[in-house]
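Novice: Structure incoming, see below.
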Amino acid sequence: MHELEATAVQQALQTAWIGRAYHYFPRVTSTNDLLKAAVNAPDGATLPAGTVYLADFQESGRGRLARRWEAPPGTSLLFSVLLRPDWEAERLGWLPMIAGLAVARAVEEVAGVVVGLKWPNDVVVQVDGRWHKFCGILLESGAARAMSSSYVIAGIGINVNLPAADLPAARFPATGLMLAAGAPLSRRALLAAVLGHLEALYEAAAQGQPPHAAWRERLIWQGEWVAVSGPGPGEGLHGVLAGVDESGRLLLRDEDGRVHAFAAGDVSLHGPPPEP
Ligand code: BTN
């Protein structure tokens, strides 16, 4: 039996509803695309919240900002979770924080390494004193059809047992958990831990408990000079990273002490402005 097939995963799960409807695919285009197509199919309303689609390999895995997400078979966790939050719109910004925190807590538990969060959706570990990304999260929302309730698909990609030679080349350096922890990890144990933490955090949020304080504790580069690129060209800004607000917006204090909040974008280390 493959370690990520349904029977094996069901035995490891400790959740009530996330992952209880579970589909394993040896190869797909993208688990986000496949799950989205299923939710939008005529019988999509019957797909329960917590449904997980997981693939061993994606032909066209997608990341944020139209980037690609690539991983060889047998090395990673590549999965999408269907959520049907019936919360007020202001709380939808909690979902990326909940997903990132779930991965961070699960990885610390299973791999025993210290995990940080890079705004908005990356999960990172230290290698040689520098933060490296091992997990990316892509949240996509929609309404299946007019008048029907809305859904969010949380697509999560985790580099688990990826050899160094297969790491993607990226401006922000990438790594995998085997490289960071020094030994291969059980993808099944890690998946079960992520889904367990995801369910606990989601249910706390549904009860009104915001995740931003726990998220902010892990936020990297706080107090450092960074550049934030906004969603549109020319919308970038430099300043000191001052944290996140309750909706998960990044707070940046500029040279004049004004605080700006970003709902989307990318952050990179910049260094202080030159002395006048
Ligand atoms: C990012 O860092 O830009 C987000 C990467 C998200 C990758 C995951 S892998 C499973 C799911 N299916 C996809 O096509 N993308 C997400």
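The values are calculated or read from the model by the stated rules, or taken from the named source; none is laboratory data. No experiment lies behind these values; they were computed from the predicted model shown. Note: ideal-geometry Cβ built from the backbone for every residue, glycine included; neighbour counts use all protein chains shown. Accessible surface areas use protein heavy atoms only, side chains included; no ligands, DNA or RNA. Shrake-Rupley method; radii C 1.70, N 1.55, O 1.52, S 1.80 Å.
Novice: On the basis of being of a type outside the set (K, R), within 12 Å of the ligand (Cβ to nearest atom) and in contact (Cβ under 8 Å) with a residue 12 or more places away in the chain, does S30 make the cut?
Specialist: It is true that S30 is of a type outside the set (K, R), within 12 Å of the ligand (Cβ to nearest atom) and in contact (Cβ under 8 Å) with a residue 12 or more places away in the chain.
Novice: Sticking with this one: Can you tell me which of D43, D33 is more than 15 Å from the chain's Cα centre (by Cα), buried (at least 17 other Cβ atoms within 10 Å of the Cβ) and acidic (D, E)?
Specialist: On inspection, the qualifying residue turns out to be D33.
Novice: Identify, from the list D86, D56, the residue that is surrounded by 17 or more Cβ atoms within 10 Å (Cβ to Cβ) and acidic (D, E).
Specialist: D56
Novice: If you check every pair at least six apart or on different chains, which have Cβ atoms under 6 Å apart with a residue in the stretch 183-197 that is β-branched (V, I, T) first and a residue that is modelled with pLDDT of 95 or more and open to solvent by less than 20 Å² (accessible area, probe 1.4 Å) second?
Specialist: V194/A102; V194/V103; V194/A106
Novice: Would you mind stating whether G155 is in contact (Cβ under 8 Å) with a residue 40 or more places away in the chain, within 16 Å of the ligand (Cβ to nearest atom) and either open to solvent by 40 Å² or more (accessible area, probe 1.4 Å) or more than 13 Å from A104 (Cα to Cα) (or both)?
Specialist: Yes: the conditions hold for G155.
Novice: Hey, another quick one. Would you pick out the residues in the stretch 33-66 that are of a type in the set (G, A, S) and either outside any helix (DSSP H, G or I) or within 8 Å of the ligand (Cβ to nearest atom) (or both)?
Specialist: Within the stretch 33-66, A41, A49, G50, A55, S60, G61, G63 meet the criteria.
Novice: While we're here: Quick check, is A66 touching a residue at least 60 places away in the same chain (Cβ under 8 Å), out of contact with any strand residue (DSSP E or B) (no Cβ under 7 Å at 6 or more places or on another chain) and open to solvent by 10 Å² or more (accessible area, probe 1.4 Å)?
Specialist: no
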